[in-house]
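The values are calculated or read from the model by the stated rules, or taken from the named source; none is laboratory data. Computed from a predicted structure; not experimentally measured. Neighbour counts run over all protein chains shown; Cβ positions are idealised from the backbone, glycine included.
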Amino acid sequence: MGNAASDGSTSAASIFDAAQTSALDKIVSEQSYMMSDSVWVTFFTLDQPLLDMPPATLQQFFRPYAHNFARNTVRSGNFRMLIRHVTRSVRYLSPPRHHADTIVTTTTTVLATESFHVINVLCVVRHFIKHFIEHNCDVVTLFATEGNSTSSSNNDIAVDFLDALLLLLFDAPTEDTYDLHLEGINLLLVLASSTAYPSTSTSMHPTLLDVFMTHASASDERGGGRPSQRADDLVKRLLLSYLDQLPAPRMESAAAIAATAALPPSTTSSWDNVVEFFSEIQVFPLADRSALLLLVLVTASNGGGGNPFRKALATLADRDESRMLAHSLPFSHVVAVLGRNIHIELHATLLYHALLLNPSFRDALCRPVDVDHFVLPLLEAIYIHTLSPPRLYTLLAVLLHLSENPPVVQTLHQSQVQDHQTWYQERYLCDLSAASVGVLVLCRVLKANLSVLHDSLVQSMAMALLWNVMQFAKNLHPTATQSLVKLLAHAAKKEQLLRPSPDEAAAYLATARDLLLCIQLGCTPRLLPANAQLMYSLLHASDVLNGLAMHPSEALRDDIAMVLGTVAYCRAMVDQGDDEGDGDDDGRMHDLTMEQVLERIQGGCKALAHSTASQEQPEVYYRYEAQDESTMRRDDGRMFFMPRLWQETVRHTTDLAWSPDKMVLSSG
């Protein structure tokens, strides 16, 4: 290969035939080639199925070409010529109804008129752009550089190219156009990958993503200066592709193999026969990559300007409520797909952003909340990822969003979980309220955080959730009330042991105080009649409560006073009329059955609630608040999510042959 050898580099054997290899050598050289030169015709007739080739083979083959192209196109302007030809071919394949806005005149030469040729050329361009971005090239300048060419154009080549890609993607993919859509998404992901690399003093030039975001928010000249709908249309299209969940038409394609490799271990662990596996399993690379691209675009910052894709997601309407709105989707369908996949980080992150940005989506999710197909899978995901703080942040934030809505919490207390929840391994769970399951999961998170994680954000969100759930506590299952009391006992014991070291004991003291405040809610007249089981568990924890009553912290003694008073009243009701010694001196009520004790406690709770002034509905709820990105510096807004999104992108798209060692990825 003449060009690769020119700088002393080595390359794998050519994957093209001799004529196309020669054409590629010429294109990446210093020699300028006119738009009408035959070298372009030869190159645009690539017949090899590049998308089915091993990613490592493509990467090794294109690397020296990309290196030389980045250096030589400044003189030749051939990259600009290549993009102009690609733009024409992509426009040619766009649906006929778009041709009025993207005119391809009869005098314009279109080199690739078949989709498989266009797919191959887009794949080549993707490898070039990825190499340029990885090596911190000024890609926007490379698009614009005319070099020594005498052929000039006043058009913005980058904008025209992006427009052509968008028009191609706006229509629904079919089995015949699946690969074309997929390669369009791949190319846009690569275009946006400038956010995955560390910023340097030499990388302050505008990126292709900057151009894309500015163009997406610009007024449409063809529409009389009206605001452009490019961002709205792309966000809607990406979500529709995500919802459609179209399976890969060919399991032997590199994208399908990459998607299979990214499946959770539980999905693939039972497959021993490879042939059977590939004939039975379905993967959805187009859906996954559409969601990844949407999240990258929504999370990216646009310097001092607004993010049009973030705005498009925020203003998306619910088609279930009104079919007349163009920028809308059926939110019920969105919730159903997210609920099925919420244990996977990609889907949980998409849910987080939809909830955070779109009030209409949040309302639809809560009207009414689907306990079986959404809340329980969410609690299962929290249970599974208890020891993974970064994933836990997102899941807890989602649940906290839901718990801000009082009807949602009331629904959780009223909904009975009939089936055994096999994922909860500590106990056999069935015939309990969804809120009781939530209390169990949250207490487990809090204990793990005290013992292992020591994460202040996990602590604050989990405790805020517990507070919101306990605002409407009614008829909690015995396992739930016992978990509350056991967590209180654990915190009290550890705090007492660590009391000589106040800094180490502080977290346990704070947890004990917060738990007492949550338990107080169940002792209020409004809730007390429905919380006999909680009082029963507290009676069995009298030693713990009495120990806390003697605590040196006056604030803690104040917190526990109401709980102690309520428990003492219930104790008196249990012992009332106990002339025949129904209770033991140690207060453990051995001579009464549990049903008898609960019956007396229930009577005491009703009597105490009736004799105390009734309280109104609670007015204090903990809410999740994300920092306003408009007040952040450029990098701060993506500090958490962007590295994690690119970590997920690399994991789901191994066929794109990323260079993780050069990227800023999350380690969690």
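Brief remarks on what is shown
- Residue count for the range 326-349 satisfying the condition of being over 22 Å from Leu396 (Cα atoms) and either touching a Leu at 6+ places or on another chain (Cβ under 9 Å) or not in a loop (DSSP other than H, G, I, E, B) (or both): 5.
- Pairs linking a residue in the range 456-479 that is over 16 Å from Leu538 (Cβ atoms) to a residue that is polar (S, T, N, Q), with Cβ atoms under 6 Å and 6 or more positions apart or on different chains, are Val458/Asn449; Gln459/Asn449; Leu465/Ser403; Asn468/Ser403; Phe472/Gln410.
- Selection of the range 487-504 for residues being closer than 16 Å to Asp559 by Cβ and of a type in the set (Gly, Ala, Ser) yields Ala489, Ala491, Ala492.
- Any chance Arg600 is over 45 Å from the mean Cα position of the chain (by Cα), assigned to a helix (DSSP H, G or I) and either more than 21 Å from Met463 (Cβ to Cβ) or modelled with pLDDT of 90 or more (or both): yes
- Filter pass, Leu466 being crowded, with 19+ Cβ neighbours inside 10 Å and of a type in the set (A, V, I, L, M, F, W, C): yes
- Close pairs (6 angstrom Cβ cut-off, 6 or more residues apart or separate chains): under 29 Å from Val574 (Cα atoms) and of a type in the set (Val, Ile, Thr) in the range 604-633, surrounded by 10 or more Cβ atoms within 10 Å (Cβ to Cβ) and modelled with pLDDT of 70 or more anywhere: Thr612/Pro525
- Subset of the range 38-57 [at pLDDT 95 or above and either among the aliphatic types (A, V, I, L, M) or not in a helix (DSSP H, G or I) (or both)]: Val39, Val41, Phe44
- For the range 417-424, the criterion of being out of contact with any Lys or Arg (no Cβ under 8 Å at 6 or more places or on another chain), in a helix (DSSP H, G or I) and not hydrophobic (A, V, I, L, M, F, W, C) is met by none of the residues.
- Unmet requirement for Val74, which otherwise passes all of (1) under 38 Å from the mean Cα position of the chain (by Cα); (2) β-branched (Val, Ile, Thr); (3) modelled with pLDDT under 95: (1)
- Boolean, Pro206 is at pLDDT 90 or above, in a loop (DSSP other than H, G, I, E, B) and of a type outside the set (Val, Ile, Thr): no
- Among the residues listed as Ala572, Ala506, the single one being of a type in the set (A, V, I, L, M), at pLDDT below 95, assigned to a helix (DSSP H, G or I) and surrounded by fewer than 21 Cβ atoms within 10 Å (Cβ to Cβ): Ala572
- Residue list for the range 388-432, filter: surrounded by fewer than 14 Cβ atoms within 10 Å (Cβ to Cβ), of a type in the set (S, T, N, Q) and either in contact (Cβ under 8 Å) with a residue 40 or more places away in the chain or touching a Cys at 6+ places or on another chain (Cβ under 6 Å) (or both): Ser388
- Among the conditions (1) farther than 25 Å from Val574 by Cβ; (2) surrounded by fewer than 19 Cβ atoms within 10 Å (Cβ to Cβ); (3) of a type in the set (A, V, I, L, M), the only one that Ala512 does not satisfy is (2).
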